[in-house]
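Peer 1: I have a structure I would like to understand better, so I am pasting it below and will then ask my questions one at a time.
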Ligand SMILES: Nc1ncnc2c1ncn2[C@@H]1O[C@H](COP(=O)(O)OP(=O)(O)O)[C@@H](O)[C@H]1O
Ligand SMILES: [Mg+2]
């Protein structure tokens with residue numbers, strides 16, 4: 001197996017942006033959010049189990065997960081959130097492992113896992129942890145800038161995620177993403193050089 005880096009951090013800290021930058025350098029990228037989205041699209045592997053567990057009200061007419069409805073449910077119902085995760089997490093992990101096997105020709109692979117703090121299986125899968133971090137005010141302004149979410153909604157999500165200190169405790173490397181995109185690209189370029197020279201087990 002080639003070298004695998006787990007990329008994590010809070011909402012809006014810049015995980016997807018950092019992953020895109022690594023991809024331009026030629027790294028393999030696995031995005032667990034994208035896998036999750038795919039599993040819950042029309043015809044996705046998680047749809048039948050979601051219908052069995054939550055009822056057909058949570059499936060749209062064209063056979064996809066009704067994301068808005070599910071988001072509302074899991075936000076206020078911890079047991080429902082857990083049931084959804086019990087369906088999705090094993091399927092996402094299986095897909096991530098399959099993609100990792102297919103990316104063995106890459107110099108290294110970056111696996112984006114937003115909740116790495118709560119995911120022992122991914123911590124076993126990766127040899128190295130990279131945390132992208134920024135101030136909470138920056139997080140809020142970037143997320144409200146990229147979506148229709150309001151500042152209180154973003155704050156509520158941040159409050160549900162692990163505290164920054166918990167992410168930072170896991171980190172082998174930290175990208176501090178408070179400055180502009182040029183600065184971010186410079187930090188990624190430096191890490192790319194290092195990761196290209198690392199090998200699994202070293
Ligand atoms: N250094 C930066 N300067 C300006 N905008 C940024 C920077 N880093 C990220 N962004 C923007 O902030 C938003 C959140 O970044 P994103 O990579 O989507 O975060 P995450 O994937 O961690 O939720 C995006 O719209 C992205 O384009
Ligand atoms: Mg993202």
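Nothing in this text is a laboratory measurement; each read-out follows from the coordinates by a stated rule. All figures in this text were calculated on a predicted structure; none of them were measured in a lab. Reconstructed Cβ throughout: ideal geometry from the backbone, glycine too, with neighbour counts over all protein chains shown.
Peer 1: Hey, could you pull the Cα Rg and Dmax for segment 1-98, both in Å?
Peer 2: 15.3, 44
Peer 1: Here's something else I'd like to know. Could you work out the Kirkwood radius for the chain, taking every pair of different alpha carbons, averaging 1/r and inverting it, reported in Å?
Peer 2: Result for the chain, one decimal place: 17.9 Å.
Peer 1: So what is the relative contact order for the chain, in percent, with contacts set as C-alpha pairs under 8 Å and at least six apart?
Peer 2: Result for the chain is 38 percent.
Peer 1: Take each of the peptides 15-27, 76-88, 167-179, average the number of other beta-carbon atoms within 10 Å over its residues, and list them starting from the highest.
Peer 2: 15-27, 167-179, 76-88
Peer 1: How much mean residue ellipticity at 222 nm does the chain get from its helices, if each DSSP H run of length 4 or more adds -39500 (n - 2.57) and you divide by all residues, to the nearest 500 deg cm²/dmol?
Peer 2: Helices in the chain give a 222 nm mean residue ellipticity of -16500 deg cm²/dmol.
Peer 1: Still on this structure, I have one more. How would you rank 134, 13, going from fewest to most other Cβ atoms within 10 Å of each one's own Cβ?
Peer 2: 134, 13
Peer 1: If you take the Cα atoms of segment 1-56, find Rg, then find the Kirkwood Rh from the mean of 1/r over all pairs, what is Rg/Rh?
Peer 2: Using Cα coordinates only, the ratio equals 1.12.
Peer 1: So what's segment 131-201 giving for Cα Rg divided by 2.2 N^0.38 Å, two decimals?
Peer 2: Normalised by 2.2 N^0.38 Å, the Cα Rg of segment 131-201 equals 1.32.
Peer 1: Can I get the semi-axes of segment 73-185's equivalent ellipsoid? Compute them from the C-alpha gyration tensor as square roots of 5 times the eigenvalues, in angstrom, largest first.
Peer 2: Working from the Cα gyration tensor, I get semi-axes of 25, 22, 13 Å.
Peer 1: What whole number of Å gives the distance from the Cα centroid of segment 1-50 to the Cα centroid of segment 131-202?
Peer 2: About 15 Å separates the Cα centre of segment 131-202 from the one of segment 1-50.
Peer 1: Additional query: Could you tell me what percent of the DSSP beta bridges with both partners in the chain are antiparallel, to the nearest 5?
Peer 2: 5
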